[in-house]
Amino acid sequence: MRSTMQKVPLSTNHLLERGSRYFGAREIVSRLPDKTCRRSTYADLRRRALQLAAALAKAGVRPGEPVATLMWNHAWHMEAYFGIPAAGAVLHTLNLRLSADDLAFILADAGDRVLIVDDVLLPLADRLAALVHLEQVIVVPTTGAAVPAGRTDYERFIEVDASAYRCPELDEDAPCGMCYTSGTTGRPRGVVYSHRSTVLHSLAISLPDCLDLSCHDTVLAVTPMFHANSWGVPYAATMVGAKLVFPGPHLGAEDLLDQMEQEQVTLALGVPTIWMTIQQALDAAPSRWRLRRGMRMMVGGAAVPQAMIAAFERYGLSIKHGWGMTELSPVGTLSWLKPEHDGLAPGGQHNVRARQGLALPLVELRIMGEDGPQPWDGASMGELQARGPWVTGGYHNQPDDPDKVTADGWLRTGDVACIDGEGYMRICDRTKDLIKSGGEWISSVDLENAIMGHPAVAEAAVVAIRHEKWGERPLAVVVAKPGASVTAEELARFIEPHFAPWQIPDDYAFVDALPRTSTGKFLKTRLREDFRDWQSKTR
Ligand code: AMP
């Protein structure tokens, strides 16, 4: 017997059609460089994205070809998210925090000929254009200033009659987007998403046990649109017709809180470092902002300290902790409570929610040790490996790499994790960040979480330092909250109940700020370098 079901190719065009047809009047709010707001709708998005598609086709961009964007989060970038794939081309988002050298490598590796860039980012684009050949640089006038001679004005570029334009027939496995990994070790690698992977990912992240996304939501996308598709939210929000709010270049805690209040945001997404600054702003002026009660905050990209979940709950705000990677489109897991957790005290529930969580439907996880797959007992650690329809099976321009994908087709994430009997995954570390002391592994993430639970600590990162006798020992690099002070002895005493004595750092360095990667994570390679000559106090 054969199935009688239709085989309709999945495509991002369907998401755009659905969003504009059923929710055409829903708003997309973009904060401009001068802090005024540009308000548009899903109907506008469809019209202008198709104009962009028609204009790109007219300019000779071919199906399958990448088109680069160097842009903040705003409605113009949304047009690129849908318009470039609608032309059959590949949206290639560039990380605007990288150096021109790194970006030049990425542009050459991807083979971009056309770049769409915000006017405020033109100086970086000019440096880039001196390093690689770009046939056309299209400038988005976010400030309203005139576009310099020799560059194409985006608004002029899309002034085409798109009424007769027909999107090319798209195979669901055709590429629609690409993004390079952050590359904290070695050169960045290109991950290429398909129409199919993007649609399935949008469906999965919208589920009630994931983001619980609907047309009743107002979503603040703080996660950069150049970082792993802003976690897939531009596509998923369009699919369900959620109102979208974009911060543009204004990522300060007070700016974000202002926007949350003005637009009565129900869901916001960002990395923990953003939420740390927001928490500090709320602690400093608890009644200044009237936020929507019950606002959900999806936090991922790095581990969420348990103390942060409790801290936001005091303001009636709820953190959803997720784990993902550029290679997973990016969401792989999310931590939600099961009915059997209803009876747990708040501390117990926070403990479950601080884990990285359960795999999304269609994503499979396994923990691989030296002797094969490890049991799901909450203690056996090993490399986390993943497989699923939105997990990459390799990298652009790179031959099969057994260091990245196993012979039986699982992605090697480079994360060390364990999974408990209920299926909750917990990241213990990046493979390279684990600390090996006297032959035993110490999780830097666990120590960081515990130290960041201290009321005087703003943030903390733990790295390995060399030790003659023990091989490595943990060093905690700590930033105190403004106006607060704390000593090494107080911190050691504070975390003592949660660790074996040999796991507790004897070494603490107090600094004003921690170095960060271009996506806001602690830059541990730099810390290891900065503290290479540190003399450990451990005997
Ligand atoms: P990126 O591709 O830049 O998003 O980085 C992916 C990596 O970020 C993962 O392999 C993890 O090491 C880390 N990561 C992402 N989410 C989390 C999380 N919730 N907890 C701990 N690490 C995370």
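Just a few scattered comments:
- The residue that is most open to solvent (accessible area, probe 1.4 Å), among those in the stretch 448-464 that are out of contact with any strand residue (DSSP E or B) (no Cβ under 7 Å at 6 or more places or on another chain) and within 17 Å of T277 (Cα to Cα), is P455.
- Looking only at the stretch 465-521, and only at residues there that are among the basic types (K, R) and open to solvent by 70 Å² or more (accessible area, probe 1.4 Å), the one that is modelled with the lowest pLDDT: K469
- Among the candidates N13, N95, residue that is in a helix (DSSP H, G or I), touching a residue at least 60 places away in the same chain (Cβ under 8 Å) and open to solvent by 10 Å² or more (accessible area, probe 1.4 Å): N13
- Hits in the stretch 395-414 (condition: assigned to a strand (DSSP E or B) and open to solvent by 10 Å² or more (accessible area, probe 1.4 Å)): V405, R412, G414
- Taken over the stretch 113-134, the criterion of being open to solvent by 10 Å² or more (accessible area, probe 1.4 Å) and not hydrophobic (A, V, I, L, M, F, W, C) is satisfied by R113, D119, P123, D126, R127, H133.
- Positions within the stretch 419-439 being under 17 Å from M325 (Cα atoms), touching a Lys or Arg at 6+ places or on another chain (Cβ under 7 Å) and either more than 16 Å from the ligand (Cβ to nearest atom) or modelled with pLDDT under 95 (or both), in sequence order: D433
- One residue stands out in the stretch 94-114 among those that are out of contact with any helix residue (DSSP H, G or I) (no Cβ under 9 Å at 6 or more places or on another chain) and among the charged types (D, E, K, R): the one that is farthest from L134 (Cα to Cα), namely R97.
- Single match in M308, M297 (criterion: buried (at least 21 other Cβ atoms within 10 Å of the Cβ) and more than 15 Å from the chain's Cα centre (by Cα)): M308
- Within the stretch 524-535, the set of residues being buried (at least 17 other Cβ atoms within 10 Å of the Cβ) and either modelled with pLDDT under 90 or touching a helix residue (DSSP H, G or I) at 6+ places or on another chain (Cβ under 6 Å) (or both) comprises K524 only.
- Within the stretch 208-252, being in a strand (DSSP E or B) and not small (G, A, S) holds for T218, V219, L220, K243, L244, V245, F246.
- Flag if G177 is touching a strand residue (DSSP E or B) at 6+ places or on another chain (Cβ under 9 Å) and either open to solvent by 20 Å² or more (accessible area, probe 1.4 Å) or closer than 12 Å to W390 by Cβ (or both): yes
- Filter result (touching a helix residue (DSSP H, G or I) at 6+ places or on another chain (Cβ under 6 Å), of a type outside the set (G, A, S) and under 21 Å from G357 (Cα atoms)) within the stretch 266-317: L269, V299, V304, P305, Q306, I309
- Checking each residue in the stretch 421-478 for being more than 25 Å from the chain's Cα centre (by Cα) and among the β-branched types (V, I, T) picks out I435, I442, I465.
- Enumeration of residues in the stretch 287-316 that are among the polar types (S, T, N, Q) and within 16 Å of the ligand (Cβ to nearest atom): Q306
- Of all the listed residues (V416, V405, V445, V457), the sole one being among the β-branched types (V, I, T), within 16 Å of the ligand (Cβ to nearest atom), closer than 23 Å to A307 by Cα and without any contact (Cβ under 8 Å) to a residue 40 or more places away in the chain is V416.
- For the stretch 16-65, a residue qualifies if it is assigned to a helix (DSSP H, G or I) and among the acidic types (D, E), and the qualifying residues are E17, D44.
- Restricting attention to the stretch 54-73, the residues that are within 22 Å of E17 (Cβ to Cβ), open to solvent by less than 20 Å² (accessible area, probe 1.4 Å) and of a type outside the set (V, I, T) add up to 3.
- Of all residues in the stretch 317-374 being part of a strand (DSSP E or B) and of a type in the set (S, T, N, Q), the one that is farthest from the ligand (Cβ to nearest atom): S318
- Here A302 meets each of (1) open to solvent by less than 30 Å² (accessible area, probe 1.4 Å); (2) modelled with pLDDT under 95; (3) not polar (S, T, N, Q) with one exception, condition (1).
- With respect to the conditions (1) touching a His at 6+ places or on another chain (Cβ under 9 Å); (2) surrounded by fewer than 22 Cβ atoms within 10 Å (Cβ to Cβ), L107 lacks only one, and its number is (2).
- Search result, residues across the stretch 135-156 that are surrounded by 20 or more Cβ atoms within 10 Å (Cβ to Cβ) and outside any loop (DSSP other than H, G, I, E, B): V137, I138, V139, V140, Y154
- Breaking point among (1) in a helix (DSSP H, G or I); (2) crowded, with 21+ Cβ neighbours inside 10 Å, for D255: (2)
- Looking at L328, L317, L334, L362, just one residue is buried (at least 20 other Cβ atoms within 10 Å of the Cβ), more than 27 Å from L257 (Cα to Cα) and not aromatic (F, W, Y), and that residue is L328.
- Residue check for R426: assigned to a strand (DSSP E or B), open to solvent by 70 Å² or more (accessible area, probe 1.4 Å) and under 19 Å from V299 (Cβ atoms): yes
The values are calculated or read from the model by the stated rules, or taken from the named source; none is laboratory data. Source: prediction; values computed, not measured. Every residue, glycine among them, receives a Cβ derived from its backbone with ideal geometry; neighbour counts consider all protein chains shown. Note: accessible area is taken over every heavy atom of the protein model, side chains too, but ligands, DNA and RNA are not part of it. Shrake-Rupley method; radii C 1.70, N 1.55, O 1.52, S 1.80 Å.
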